[in-house]
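What follows is a set of notes on a single structure, which appears directly below.
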Amino acid sequence: MRELACDRLDDLLARREEDRLTAAEEGFLRGHLATCEACAAEALRRDPVLLFARAAAPEPLSAEARGRFVSGVLAATATAKAGRRLQRAHARPVLRLAASLLLAASVAGVWLARDGGDGAGEVPRPELVAAADEGIRTPPDVVPAVEDLGGDTAVVYQFPSTRPGEPTVVFVVDRNADI
Amino acid sequence: MAMQLVHVRRAPQEGTTIEPRDERHLAALAKAGDEDAFAELVRGRTDSVVAFLRRMLGDTEDARDVAQLTFLRVWENLPRYDPSYAFSTWLFRIAGNLAIDALRSRGTRARTLAESFRVVQGGLLAASPEAPLRLSQEEVRRVFEACSSVLSEKQRLVFVLREMEEKESREVAEIVGCRESTVRNHLFQARRLLREELKRRFPEYVPESHRSAEGAGA
């Protein structure tokens, strides 16, 4: 027997085409097309694209897969959070100021200790040795080879060996590091 | 006798039972640094986001990868979340943008896959009026994958949200970030292109009367 809903098909499809259905009407139309084969066939005859409304909803994840997924997301956010904390510590002006003050205080302390009187606080100085006096030959290519590793993140300084068999010294310097 | 309209919605999938109001509350807690609240949001929305991305990208693995990225972006941008919007709208907006990026970055590969599907499927089903109705839901999904390669990323986004995710035009407009009239325009264009592509590549699924009517009109 033809249902009352079937009589409204023409009107609903026409307004659907113009995207003028209310949410309730749209739900009603979908529900009806899912249960009434005659109307579904008629609707597809009028608009074959309606076929895609029947596309399967993808399978939901299994409980195990969902658990893995959520753990993955939380691990990623934890990593991002740690990275952000580190960045903030680098960028925090208060820390920079504190470090500068600490450095200034240390220098002042050393200075005061040196001039404190009687030479008691005199700081022993390292002995300076001139390379020429010791006969150490400095090759012209001792100037560090510099390689920039992208942007302002890190720089590589390479000091080539001065004698055969001597190891090459390489420094990787983080420009963002607070000293 | 007045007809009673009954709003039939799909049954919520497992894991998507959080009410929108609760989601806003959870989002507010997460914004304040509550990690449990964020974890609950992720658990509650995983299935719907992965399903949406699966429809957008046509590939389960890609969908999961982009879904993870989506939640990471959500977490990063929580301080900017405006609670006057539904959390799901904001979430789908981020997911939709990332899906568009993913589609753009792989463009050619998707088209190649879609073309190969036509070769495999072609000629298996003889043209018959009931052919479209006999297709399984999974086959319909694959036909969509094959045909939707003609859509632009935005047309595909609007079509998936409107016709497959069953969201209202107003919400689609909020997700896409445009006016409702623009959503309608994208939707009409998407339907027209899909109709043509379906007729060209899968004529066995297009009723003959429709084929001849369109052919006469052309």
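Taking each residue in A:21-28, count the Cβ atoms of any other chain within 10 Å of its Cβ, then average. What number comes out?
On the way: counts 2, 3, 9, 4, 2, 7, 7, 6.
Mean shielding count: 5.
I need the peptides B:43-55, A:28-40 ranked by packing, meaning the mean over residues of other C-beta atoms within 10 angstrom, with the highest value on top. Could you put the intermediate results ahead of the total?
Values: B:43-55: 23.8, A:28-40: 17.6.
In descending order of packing, they fall as B:43-55, A:28-40.
For peptide A:66-75, what's the mean number of Cβ atoms from other chains within 10 Å of each residue's Cβ? Kindly include the intermediate steps, with their values, before the conclusion.
Numbers: counts 7, 2, 1, 10, 9, 2, 7, 14, 7, 1.
Mean shielding by partner chains, rounded to a whole number: 6.
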Checklist outcome for this item: Here the whole-number average of other chain Cβ atoms within 10 Å per Cβ of B:55-65 is 1
Checklist entry - What nm distance separates the two modelled labels at A:THR22 and B:GLU138, each placed 7 Å from Cα along Cα→Cβ? => result 4.0 nm
Item to check | Charge context of A:GLU18, other residues only, Cβ under 15 angstrom, K/R +1, D/E -1 | outcome: -2
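Any read-out appearing in this document is the output of simple, stated calculations on the displayed coordinates, not a laboratory observation. Keep in mind it's a predicted model, so treat the numbers as computed, not measured. Positions of Cβ are backbone-derived with ideal geometry, glycine not excepted, and every protein chain shown enters the neighbour counts.
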